[in-house]
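Student: The structure follows.
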Amino acid sequence: MRYEVRELGLGGILDQAVLLTRSRLRTLLGISLVVDIPFNLVTQFIVLAMTPLPPPNPTLADQQVYFLELVKLLFALLPLLLLDILIIVPISKAALIHALAGEYLDRPAGMKESLKRALRRPFGLFGTSFLLYLPVGVGFFFCVIPGVIAYLFFALSTPVFVLEGIAGISALQRSIQLSKGNVTSFFALLFLLAVVNWQIMFVPSLIPQDYLRIVSVVLLAAVLSAFRMAALVAFYFSCRCQHEQFDLTYLAESVSAAPPVPTDAEVV
């Protein structure tokens with residue numbers, strides 16, 4: 001088996017994330033092409049068409065008018081933003097997590113199966129995602145640090161819902177339970193992923209042609225999203241191995257499911 005189902009350090013989680021993403025990249029991109037890539041492309045094209053150009057040599061009054069136009073644009077795009085956060089992103093994340101976890105545990109799941117799994121309990125998925133976003137959003141609104149802390153403790157609620165079937169408040173409580181003793185390493189993991197994301201996304205932002213830049217950014221963002229979900233899946237199983245000895249349970253299941261080794265008499 002290529003993957004290490006055990007408690008992992010930061011380097012081990014990143015190694016497993018790279019292997020998972022490379023192994024199932026076609027399936028992961030297929031999920032994104034069905035769920036979030038078309039939506040993100042349309043949204044970005046709408047933003048490009050509606051964003052006002054800043055006036056040349058603006059006066060203070062021109063700057064105020066321009067700022068008000070941007071605020072109006074933000075409110076006009078608010079329904080699309082909410083649709084993305086509350087519907088599109090949870091479905092995409094759930095399908096990606098199911099496909100990645102299947103690969104990690106040597107139980108491969110295709111694109112259709114992963115999408116069906118993501119949509120099997122939509123209200124549980126959307127409700128759990130909303131409960132995750134609520135404290136994180138409030139924390140970021142009042143001060144960034146509480147939002148970061150909330151995410152560190154609640155981020156595993158989505159893998160918990162997809163892989164264990166636990167929804168709502170119980171999923172958040174389960175996430176807190178798994179995160180105990182791993183908050184610092186999870187913060188370091190998120191920081192490294194943010195650095196990687198910033199460095200890679202900087203390249204397509206230099207493309208001068210607007211539509212080509214948007215397409216490049218959206219496609220590359222889909223790959224990076226798959227990589228982040230792979231890291232989250234590896235971190236989730238690492239936490240379960242630490243707290244519940246999931247590695248021993250998985251090993252016992254693998255041995256019991258394996259075909260019996262033939263004896264000398266059977267070989268003869």
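Nothing in this text is a laboratory measurement; each read-out follows from the coordinates by a stated rule. None of these values were measured; they are calculated from a predicted model. Because the Cβ atoms are built from the backbone with ideal geometry, glycine has one as well, and the counts that use them run over all protein chains shown.
Student: Report, in whole Å, the centroid distance computed from the Cα atoms of the stretch 120-196 and the stretch 55-116.
Tutor: Using only Cα atoms to place each centre, the spacing works out to 17 Å.
Student: Here is a follow-up. Say a site is exposed when it is one of the trypsin sites (Lys or Arg not before Pro), sits in a DSSP loop, and has at most 15 other Cβ atoms within 10 Å; what is then the longest site-free stretch of the chain?
Tutor: In short, 3-119.
Student: Taking the alpha-carbon distance from LYS93 and a cut-off under 16 Å, which lysines remain once sequence neighbours fewer than 8 residues away in the same chain are dropped?
Tutor: LYS112, LYS116
Student: Right, next: With springs only between Cα atoms under 10 Å apart, run a GNM on the chain and tell me which of LEU96, LEU83, LEU60 wobbles the most.
Tutor: Of the options given, LEU60 has the highest mean-square fluctuation.
Student: Enumerate the calculated ³J(HN,Hα) couplings along the stretch 196-204 in order (Karplus 6.51 cos²θ - 1.76 cosθ + 1.60, θ = phi - 60°), each rounded to whole Hz, writing x wherever the residue is Gly or Pro.
Tutor: 4, 4, 5, 5, 6, 6, 5, 5, x
Student: Where Lys and Arg each count +1 and Asp and Glu each count -1, what net charge lies around GLY12 among other residues with Cβ under 9 Å from its Cβ?
Tutor: Counting the neighbours of GLY12, the net charge comes to -2.
Student: Right, something else. Let me spell out the model: positive unit charges on the Cβ of Lys and Arg, negative unit charges on the Cβ of Asp and Glu, origin at the Cα centre of the chain. What dipole size does that give, in debye rounded to 20?
Tutor: 400 debye
Student: Taking a cut-off of 18 Å between Cα atoms, list the aspartates and glutamates near LYS72, but don't count ones fewer than 8 places away on the same chain.
Tutor: Within the straight-line cut-off, LYS72 pairs with ASP62.
Student: Something else now. Along the positive direction of the dipole of the chain (beta-carbon charges: Lys, Arg +1; Asp, Glu -1; about the Cα centre), which of LEU152, PRO79, LEU131 reaches farthest?
Tutor: Of the options given, the answer is PRO79.
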